[in-house]
1. Within the set of pairs 6 or more residues apart or between chains, which connect a residue that is not assigned by TED's automatic domain parsing to the domain that holds residue 183 inside the range 121-134 to a residue that is crowded, with 23+ Cβ neighbours inside 10 Å and in a helix (DSSP H, G or I) with Cβ atoms less than 8 Å apart?
2. Take residues that are of a type outside the set (A, V, I, L, M, F, W, C) and at pLDDT below 85 and tell me which of the helices (runs of 4 or more DSSP H) falling wholly in the range 157-273 contain 2 or more.
3. Can you pull out every residue in the range 219-234 that is farther than 28 Å from residue 139 by Cα and either touching a strand residue (DSSP E or B) at 6+ places or on another chain (Cβ under 7 Å) or not assigned by TED's automatic domain parsing to the domain that holds residue 276 (or both)?
4. Report whether or not residue 174 is closer than 26 Å to residue 141 by Cα and either free of Cβ contacts under 8 Å to residues at least 24 places away in the same chain or surrounded by fewer than 15 Cβ atoms within 10 Å (Cβ to Cβ) (or both).
Amino acid sequence: MNILKRTFNWELKDLIKVIIGSILFCTAINLFIVPNNLYTGGILGIAQLTRSFILDIFKIKLKFDFSGIIYFIINIPLFVIAYKILGKNFFFRTIFAVTLQTVLLSVIPTKPLLNDLLTNVIIGGLICGIGAGIILTSGASTGGTDIVGLVLSKKNSNFSVGKHALAINLIIYIIAGIRYGIETMIYSIIYSCVDSLMIDKMHEQNICSTALILSKENPKELNNYIKNELNRGFTYWDAKGGYDDSKTYIIYTALTKYELLKLERHMKKTNMNSFIIESEGIGIKGDFEKKF
């Protein structure tokens with residue numbers, strides 16, 4: 001536990017999240033996507049195309065999929081970007097996650113479970129998206145376009161990891177379509193759409209939210225928590241309760257869904273005489289920082 005804290009600034013639950021998310025992500029790829037000669041998109045999609053080109057050129061067959069190794073090599077310059085822009089903790093966590101995924105992609109057998117191609121694509125996209133989303137909520141990522149998407153989301157709140165990945169994937173799928181046929185391209189795009197949708201649904205740090213808190217007690221302690229622990233600004237004012245003319249305090253703040261859940265847990269612990277009105281998935285323009 002001390003090693004986790006010192007190296008990754010992680011709780012045990014975060015480590016478990018990364019392991020479970022990586023297993024889901026890699027299992028879905030090797031059981032539903034790769035056996036059907038489809039491509040996942042992103043840096044992993046580039047790695048898969050590179051693997052296919054190498055196998056085609058040298059006319060060789062291997063008993064394991066080495067696209068995970070190529071994926072790790074391509075990720076190395078992106079690790080540098082992660083360290084400089086997204087921070088040391090995210091850097092170490094992502095290296096751990098990508099290393100684990102490299103091993104899993106190499107050892108999990110690439111055997112199809114289902115015969116229907118569309119079913120494989122949808123189930124594979126759902127499980128991959130859930131796995132990647134779980135990894136993102138732990139403060140790590142699957143590397144590749146996730147890193148680029150997080151950097152862009154940090155710079156501009158209109159970006160999301162899933163939308164950015166989908167845009168990059170279209171280029172990869174056009175190449176796959178030219179090289180391996182239109183059917184490969186279409187089913188790969190369907191997979192990517194499902195996967196991107198699930199990532200954005202699971203990635204709580206990417207979902208903008210607001211909270212309106214009404215309290216009968218002095219909110220000084222709660223204001224300090226929002227300011228110092230969540231590192232968010234807020235607006236507050238004194239009001240009167242319409243039911244009994246009692247003094248009421250109102251606090252309004254904008255934050256991510258991830259931070260909103262932390263705020264809810266804190267309010268339950270303090271047992272304040274208050275309630276909270278939430279709005280999730282809203283658009284926030286201007287100087288609002290997404291924190292990953």
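1. Filtered contacts from the range 121-134: no entries.
2. On the way: elements: 161-180, 182-202, 220-224, 257-270.
By residue number, 161-180, 182-202, 257-270.
3. Keep residues of the range 219-234 that are farther than 28 Å from residue 139 by Cα, which gives 219-220.
Scanning the range 219-234 gives a single hit, 219.
4. On the way: closer than 26 Å to residue 141 by Cα: yes; either free of Cβ contacts under 8 Å to residues at least 24 places away in the same chain or surrounded by fewer than 15 Cβ atoms within 10 Å (Cβ to Cβ) (or both): yes.
Yes.
The values are calculated or read from the model by the stated rules, or taken from the named source; none is laboratory data. The model shown is predicted, which means the values in this text are computed figures rather than measured ones. In this analysis, Cβ positions are derived from the backbone assuming ideal geometry, glycine residues included, and neighbour counts consider all displayed protein chains.
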